Every structure is written in C-alpha cells, then in structure tokens.
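Some notes on the structure that comes next.
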Amino acid sequence: MNATGTITMTMREVDRFKVIQDVADGKLQPWRAAERLGLTTRQIRRLVGRLR
C-alpha cells in the first residue's frame, strides 16, 4: 500500500521539522536546536526519536 498525498504545514512547522531533521542527521547539536525552538534538550531528544 502506497500512501501519497499532500501535507499542509505552516512555515513554523516546516522550520521545526527541518531543525529536528538536522539534529537527527548530526548537522545540528541538540542544545542549539532547543535554543532555536524554545524547548528543552530532553524534548529535542524525544522528537528526534519519534522522527526515526
């Protein structure tokens, strides 16, 4: 089963996704992502875990 479709996201959601993806790819340190998004490093780790 192949699910294709359109996902509508705000610019804020797109930025958040890119930051989390950069942490998962090792391009950005979790503490920097936490500062940028106004979250804790623990929340960043949880979001990265959910992305994988």
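Rundown of residues vs (1) outside any loop (DSSP other than H, G, I, E, B); (2) of a type in the set (Val, Ile, Thr); (3) touching a residue at least 24 places away in the same chain (Cβ under 8 Å), yes/no style:
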{"position": "THR4", "(1), (2), (3)": "no, yes, no"}
{"position": "ILE7", "(1), (2), (3)": "no, yes, no"}
{"position": "VAL14", "(1), (2), (3)": "yes, yes, no"}
{"position": "PHE17", "(1), (2), (3)": "yes, no, no"}
{"position": "LEU28", "(1), (2), (3)": "no, no, no"}
{"position": "ARG32", "(1), (2), (3)": "yes, no, no"}
{"position": "ARG46", "(1), (2), (3)": "yes, no, no"}
{"position": "ARG50", "(1), (2), (3)": "yes, no, no"}
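For region 34-44, how many residues are assigned to a loop (DSSP other than H, G, I, E, B) and within 9 Å of the chain's Cα centre (by Cα)?
Matching residues across region 34-44 total 0.
Can you give me the number of residues within region 1-24 that are exposed (fewer than 10 other Cβ atoms within 10 Å of the Cβ) and not polar (S, T, N, Q)?
So the answer is 6.
Give the residues of region 13-52 that are of a type in the set (Lys, Arg) and at pLDDT below 95, sorted by residue number.
Scanning region 13-52 gives a single hit, ARG52.
Just need a number here: residues in region 14-24 that are of a type in the set (D, E, K, R) and farther than 17 Å from ARG46 by Cβ.
The qualifying residues number 2.
The values are calculated or read from the model by the stated rules, or taken from the named source; none is laboratory data. Predicted model, so just to flag it, every value in this text is computed and none were measured. A quick note on method: Cβ atoms are made from the backbone with ideal geometry, for glycine too, and the neighbour counts reach across all protein chains shown.
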